[in-house]
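Asks: Take this structure first; my questions come after.
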Amino acid sequence: MILSASRRTDLPAFYSEWFLHRLKQGYVLVRNPMSPSQVSRVVLSPETIDCIVFWTKNPAPMLDILEEIRQMGYEFYFQFTLNPYGNAIERYLPGRDARIEAFRRLSRAVGRSRVVWRYDPVILNDKLTPDWHMRSFRELCERIGGLTEECVFSFVDRYSKMSRRTAGLVREIRPEEMRRIASGFAETAQKNGIALKTCSEAIDLSSFGIEHASCIDRSRIERLAGCPIDGAKDPNQRPECGCLQSVDIGAYDTCRHGCVYCYACGGEETLRRKTRSHDPHSPLLAGHLSESDRVTERKAASLKKSQLTLL
């Protein structure tokens with residue numbers, strides 16, 4: 001089983017204590033986002049979990065427990081979103097220098113092969129122009145280029161729940177602008193020894209040497225696990241997504257970064273209610289079980305192939 005921690009929230013930034021406690025307890029409870037009274041019980045043993053994929057904009061609160069997680073027998077890597085935006089767009093994030101320092105510390109602690117840089121999403125408006133992005137990407141590459149092997153980027157998608165938050169901040173991106181940005185990014189990434197990929201983008205940018213990414217990546221997981229993985233493509237993601245199927249243990253409306261483009265957070269009142277209900281010792285990320293909840297055991301098993309293949 002591949003554990004996603006988490007596309008729905010920044011678990012390393014806000015819920016590291018809870019996550020470590022769940023690993024020690026050996027299980028976690030996850031509400032179905034579409035039917036909240038349906039709760040899955042997910043076993044978290046090292047024998048079952050082949051790899052943990054962490055998604056974060058600020059791993060600093062988790063850095064001190066990574067060695068403990070590794071000693072418990074878990075393999076993992078990070079998808080680390082590091083964008084050049086200020087607080088108008090990523091409202092409650094630490095400053096850019098602090099996040100670059102966290103990137104540096106993380107890479108040194110776990111190795112550059114376990115840290116994937118995400119420049120995600122690319123947003124255009126009157127101030128954030130293609131030229132601005134190419135300059136910003138170059139500056140970030142120069143500061144973290146030796147700390148990662150791969151950068152994944154995407155162009156912003158406009159979801160209905162984002163419309164009020166993004167008014168005046170986000171506009172549609174034309175295909176010719178995508179290609180111009182991709183060309184500039186590709187040249188800079190190559191100079192800095194970084195493989196450049198896109199996340200769930202339909203546009204073909206292969207002429208710039210840019211491949212489609214698999215953020216939950218079979219080849220990376222196989223390298224970490226030391227054996228082939230018998231996983232299938234995730235049917236719950238978009239057609240352009242190449243990710244392996246995984247189990248996400250996060251909860252929507254629990255991330256406090258306040259990014260205006262985020263699809264995982266809706267209203268402020270829901271965010272306040274859910275974050276107030278968080279208990280580090282609860283098996284649920286937000287709140288506790290109620291009498292109306294129905295808990296079922298989620299079938300989970302290692303995806304490691306028992307017989308190694310000859311390469």
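Read-outs throughout are calculated quantities, based only on the coordinates presented, and are distinct from any laboratory measurement. Nothing here was measured: the structure is a model prediction, and the numbers come from that model. Cβ atoms come from the backbone with ideal geometry, glycine included; neighbour counts cover every protein chain shown.
Asks: Label-point separation (nm) for residue 20 and residue 113, each offset 7 Å from Cα along Cα-to-Cβ?
Replies: Label at residue 20, label at residue 113, 2.7 nm between them.
Asks: Holding the Cα-Cα limit at 27 Å, pick out from 127/233; 274/304; 57/233 the pairs that are longer than that.
Replies: Details: 127/233 38 Å; 274/304 36 Å; 57/233 25 Å.
Pairs exceeding the cut-off: 127/233; 274/304.
Asks: Between Rg and the Kirkwood Rh of segment 105-199, both from Cα atoms, what is the Rg to Rh ratio?
Replies: Details: Rg = 14.4 Å, Rh = 14.2 Å.
Expressed as Rg/Rh, it is 1.01.
Asks: So, with +1 on the Cβ of K and R and -1 on the Cβ of D and E, and no other charges, what is the size of the charge dipole of segment 31-160 about its Cα centre, to the nearest 20 debye?
Replies: Numbers: 18 positive and 17 negative charges, 56 e Å.
Dipole magnitude for segment 31-160 comes out near 280 debye.
Asks: While we're on this one: Net charge near residue 39: determine it from the other residues with C-beta under 11 Å of the C-beta of residue 39, scoring Lys and Arg +1 and Asp and Glu -1.
Replies: On the way: positive: 31, 41, 294, 298; negative: 293, 297.
Within the 11 Å Cβ shell, the charges total +2.
Asks: What Rg and what Dmax come out for segment 205-311 when only alpha-carbon atoms are used, in angstroms?
Replies: Cα-based Rg and Dmax for segment 205-311 come out at 18.8, 56 Å.
Asks: Please figure out what share of the DSSP beta bridges in segment 66-187 is antiparallel and state it in percent, rounded to the nearest 5. All intermediate terms of the calculation are to be shown ahead of the outcome.
Replies: Values: 1 of 9 bridges.
Roughly 10 percent of the beta bridges in segment 66-187 run antiparallel, per DSSP.
Asks: Which angle from 0 to 90°, rounded to the nearest 10, does the C-alpha axis of helix 175-191 make with the longest principal axis of the chain?
Replies: 80
Asks: Between beta-carbons, use under 12 Å as the cut-off and find the net charge around residue 184, counting Lys and Arg +1, Asp and Glu -1.
Replies: Within the 12 Å Cβ shell, the charges total +2.
Asks: Which value, in debye to the nearest 20, describes the size of the charge dipole of the chain about its Cα centre when Lys and Arg Cβ atoms bear +1, Asp and Glu Cβ atoms bear -1, and nothing else is charged? Mind showing how you got there, number by number?
Replies: Details: 46 positive and 39 negative charges, 71 e Å.
In debye, rounded to 20, the chain gives about 340.
Asks: Then there's this: For segment 1-93, what is the convex hull (Cα atoms) projected area averaged across all directions, in square nanometres? Numbers along the way, then the final one.
Replies: Values: hull surface 27.5 nm².
Mean shadow area of the hull around the Cα atoms is 6.9 nm².
Asks: If I take all pairs of Cα atoms in the chain, what percentage of them are more than 28 Å from each other? List each step's numbers first, then the result.
Replies: Numbers: 19085 of 48205 pairs.
Pairs farther apart than 28 Å: 40 percent.
Asks: To the nearest 500 deg cm²/dmol, what mean residue ellipticity at 222 nm is calculated for the chain from DSSP H runs of n ≥ 4 alone, each contributing -39,500 (n - 2.57), summed and divided by the residues?
Replies: -8000 deg cm²/dmol
Asks: From the residues 98, 77, 121, which one has its Cα farthest along the dipole of segment 77-129 in the positive direction, the dipole being from +1 and -1 charges on Cβ of Lys/Arg and Asp/Glu about the Cα centre?
Replies: The one lying farthest along the dipole's positive direction is 77.
Asks: Under a crude label model (7 Å from the Cα following the beta-carbon direction), how far is residue 269 from residue 288 in nanometres?
Replies: 2.5
Asks: Right, another one. Just grab the label-to-label distance for residue 65 and residue 149, each label 7 Å out from Cα along the Cβ direction, in nm (one decimal).
Replies: Output for this residue pair reads 2.7 nm.
Asks: Got a sec? Charge dipole of the chain, +1 on Cβ for Lys and Arg, -1 for Asp and Glu; which of 60, 251, 292 is way out at the positive end?
Replies: My answer, from the dipole projection, is 292.
Asks: Just to check, using Stokes-Einstein with a Kirkwood Rh over alpha carbon pairs, what's the diffusion coefficient of segment 207-249 at 4 °C and 1.567 mPa s in µm²/s? Write down the numbers at each step before the final one.
Replies: On the way: Rh = 11.5 Å.
Value of D from the Cα-based Kirkwood radius: 113 µm²/s.
Asks: Please rank 10, 204, 293, fewest neighbouring Cβ atoms within 10 Å first, as an exposure proxy. Present the calculation step by step, with values, prior to reporting the outcome.
Replies: Numbers: 10 26, 204 11, 293 15.
Listing 10, 204, 293 from fewest to most nearby Cβ atoms yields 204, 293, 10.
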